[in-house]
Structures are given as structure tokens and as C-alpha cells.
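Notes for the one structure printed next.
Read-outs: derived from the displayed coordinates by stated rules, not from any lab. The structure displayed is predicted, hence computed values, not measured ones. A quick note on method: Cβ atoms are made from the backbone with ideal geometry, for glycine too, and the neighbour counts reach across all protein chains shown.
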Amino acid sequence: KAGVTQTPRYLIKTRGQQVTLSCSPISGHRSVSWYQQTPGQGLQFLFEYFSETQRNKGNFPGRFSGRQFSNSRSEMNVSTLELGDSALYLCASRKPGTSGSNEQFFGPGTRLTVL
Amino acid sequence: SQKIEQNSEALNIQEGKTATLTCNYTNYSPAYLQWYRQDPGRGPVFLLLIRENEKEKRKERLKVTFDTTLKQSLFHITASQPADSATYLCAHISWGKLQFGAGTQVVVTP
């Protein structure tokens, strides 16, 4: 069974630009969550999607948005990039019909550098 | 506010010894805690989950304990190996969001 995949793996953008990151969950997983990881703040929850609906949202500005498609693939978008948005963006999927206690399967991440 | 904390200092340990990591939580009582391993530049990998009514959970050389009185979970790596070198994160669900501790880096030297 293929794991969670994320594209692209590396991205370099300049301030003010926007970026779209993509995540394909494990087949059959309908829950997809996004996280931002930086050396200073650690792993921080961005949002979770389940069956194309945003189920939870972290404390990030509105420049960060996401969506989920009917095949469970998800994208996240960051508009008007700032230097502080440089981070490793991780996507994770979870088995369907389970409580929040179940493990998350993480992808390899997208390393975003904002210049 | 609900907080989950790990010792941010790296843990240097000799091969064969037991590494013990701490995860403390404040201002709430999680129903369970999860432990993950993360290697540099890669996504975390789930290791173990322990529920509040479980005192201890084991998986191969890994052992997790959960002390609701001390509001603490301990993560042990017995007979540590250099391949165990990584950052270990504890996490819990808070208001539907998976919240992670800062992680503790473990370095196992031969």
C-alpha cells in the first residue's frame, strides 16, 4: 500500500507570491491534516479535512487555506508569502471512521523556502 | 491553556543503555497520548499510543508509561542502538487537533 505522498518536495518562492502544495493520502483514508514545522515553533496544526469538509482549524492567518477533493486528495494554499512561512509542511492521513486517537500517517513533507 | 511539554535538550546515550524521555501535560487530562519518531527532513512515524487507563504499553524495545497523577508519560528505549537516533515527539488530541510537544532529540553513540 502506497504511503502518503506530497508534491513538490522542495519549493523556493519570493515574498508576496502564493504557493499550492498537494497531498495524496493513503488509499481509503478520508481524513487529511496539514502541519507546519519550524525549528522555533515545532509541529503546529494547520487544518484537517474529512470528506471534503474542513473539520478543524489551527491558529493560522487566513492566508493559509486548504481544500479536499472527492478522491480525498488535498491541497493547501498560502497567499502573500512571508519570510516566516519558510517551513516544512507536512500532510498526514488517518483511517476512516475512527476516533481522534488513531495514528496519523505522515508524508515526507514539502520544504518551502521564502526568499 | 492546555500544554504538552517535552525536554528540549538532546539526550546523548551510549549504545546498549536505556533512554528515557519525558512528556508532561498541564491544564487538562488527555484520554491518551501518542508517541512518534521523526528523522531529519522526514515526516513523523507513529510508534505507540497509550490510553489513560493503561499504565504501560510495550512494542519491541519501546515502552511507554502513563501516570495521570504526575500528569506525565515516560518513553523508554531499551538496549538502545545508533539507529534509534532521532527526535521523538509526544502528541495528544486537543479540541480535535493533534497537538505535538517540541520533541526530544536522542543521540545514541556506539
Fraction of antiparallel bridges per DSSP, chain B only, in percent to nearest 5 | 90 percent
Charge dipole (the protein assembly as shown, unit charges on Cβ, about Cα centre) - positive-most of B:Phe66, A:Gly28, B:Ala86 | A:Gly28
Violations at 22 Å Cα threshold for listed pairs B:Lys3/B:Lys71; B:Lys3/B:Lys97; B:Lys17/B:Lys63; A:Lys1/A:Lys95; A:Lys95/B:Lys63 -> A:Lys95/B:Lys63
DSSP loop chymotrypsin sites (Phe, Trp or Tyr not before Pro) with at most 15 other Cβ within 10 Å excluded, longest remaining stretch of chain B = B:29-94
How about B:Lys57: which aspartates and glutamates have a C-alpha closer than 17 Å to its C-alpha, ignoring those fewer than 8 places off in the same chain?
-> A:Glu103, B:Asp67
In debye, nearest 20, what is the charge dipole magnitude of chain B about its Cα centre with +1 on Lys and Arg Cβ and -1 on Asp and Glu Cβ, if you could check?
-> 220 debye
Within region A:25-75, list the chymotrypsin sites (Phe, Trp or Tyr not before Pro) lying in a DSSP loop whose Cβ has at most 15 other Cβ atoms in a 10 Å radius.
-> A:Phe69
In region B:1-36, GluC sites (Glu not before Pro) in a DSSP loop with at most 11 other beta-carbon atoms within 10 Å = B:Glu9
If you put +1 on each Lys and Arg Cβ and -1 on each Asp and Glu Cβ, how big is the dipole of region A:22-82 around its Cα centre, in Debye rounded to 20?
-> 120 debye
Could you work out the local net charge near A:Phe106, counting Lys and Arg as +1, Asp and Glu as -1, over the other residues with Cβ closer than 13 Å to its Cβ?
-> +1
With +1 on the Cβ of every Lys and Arg and -1 on the Cβ of every Asp and Glu, the dipole magnitude of the protein assembly as shown about its Cα centre, in debye rounded to the nearest 20, is 460 debye
